[in-house]
Amino acid sequence: MSIPLNIVNEITNAMTGANNGIVGLVDVLLNGIVDHAVKLEWRKEEGLAISHLDEDHVPTILKVRPSVLRSILARIAVICCAYTSQEVSPYGGTARIPSPRDPDLLLKIHFQNTSTAQTLVIFPEKKELSDVL
């Protein structure tokens, strides 16, 4: 099963449109994560692979420059730092941030931005009482 077409279309449109650049693209990405964990991964020979982690899937490959994913990861690091009490390195980390779309949802983010690997995984999780107190 491939990632829902609407999320791929939204990400593709954000990459090719004259909108708010990387900031707008990351906003589209974070707003699109509701029910399924999503992974973005740079594949040297193919491009940017977008896939689900929840089920068997066929990744959607977008032909973009590596700098696009690196910029997305840098923006994610800034957002993670804004919502956590710990510093998140631009080279990788893990954080939980509130979903911009659903107040009852947290987004668990794990990313790596090194010379050998560029990946971003976002898991949606329902807030628990301990998260609000």
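The values are calculated or read from the model by the stated rules, or taken from the named source; none is laboratory data. From a predicted model like this one, the values you see are computed outputs, not experimental measurements. Backbone-built Cβ (ideal geometry, glycine too); neighbour counts: all protein chains shown. We work out accessible area using only protein heavy atoms, side chains counted, and drop any ligands, DNA or RNA first. Shrake-Rupley method; radii C 1.70, N 1.55, O 1.52, S 1.80 Å.
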Checklist entry - Hey, among the residues in segment 102-133 that are of a type outside the set (A, V, I, L, M, F, W, C) and more than 22 Å from L25 (Cα to Cα), which one's surrounded by the most Cβ atoms within 10 Å (Cβ to Cβ)? => result K127
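Identify, from the list S71, S99, the residue that is out of contact with any strand residue (DSSP E or B) (no Cβ under 9 Å at 6 or more places or on another chain), under 19 Å from D27 (Cα atoms), in contact (Cβ under 8 Å) with a residue 12 or more places away in the chain and not hydrophobic (A, V, I, L, M, F, W, C).
Result of the check over S71, S99: S71.
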Checklist entry - With (1) assigned to a helix (DSSP H, G or I); (2) in contact with a Ser or Thr (Cβ under 9 Å, 6 or more places away or on another chain); (3) at pLDDT below 90 as the list, and M15 as the residue in question, which single condition is left unmet? => result (2)
Checklist entry - Would a scan of segment 57-78 turn up a residue that is within 19 Å of N13 (Cα to Cα), aliphatic (A, V, I, L, M), part of a strand (DSSP E or B) and open to solvent by less than 30 Å² (accessible area, probe 1.4 Å)? => result yes
Checklist entry - Tell me, which residue of segment 24-48 that is assigned to a helix (DSSP H, G or I) and under 16 Å from V64 (Cβ atoms) is most open to solvent (accessible area, probe 1.4 Å)? => result V28
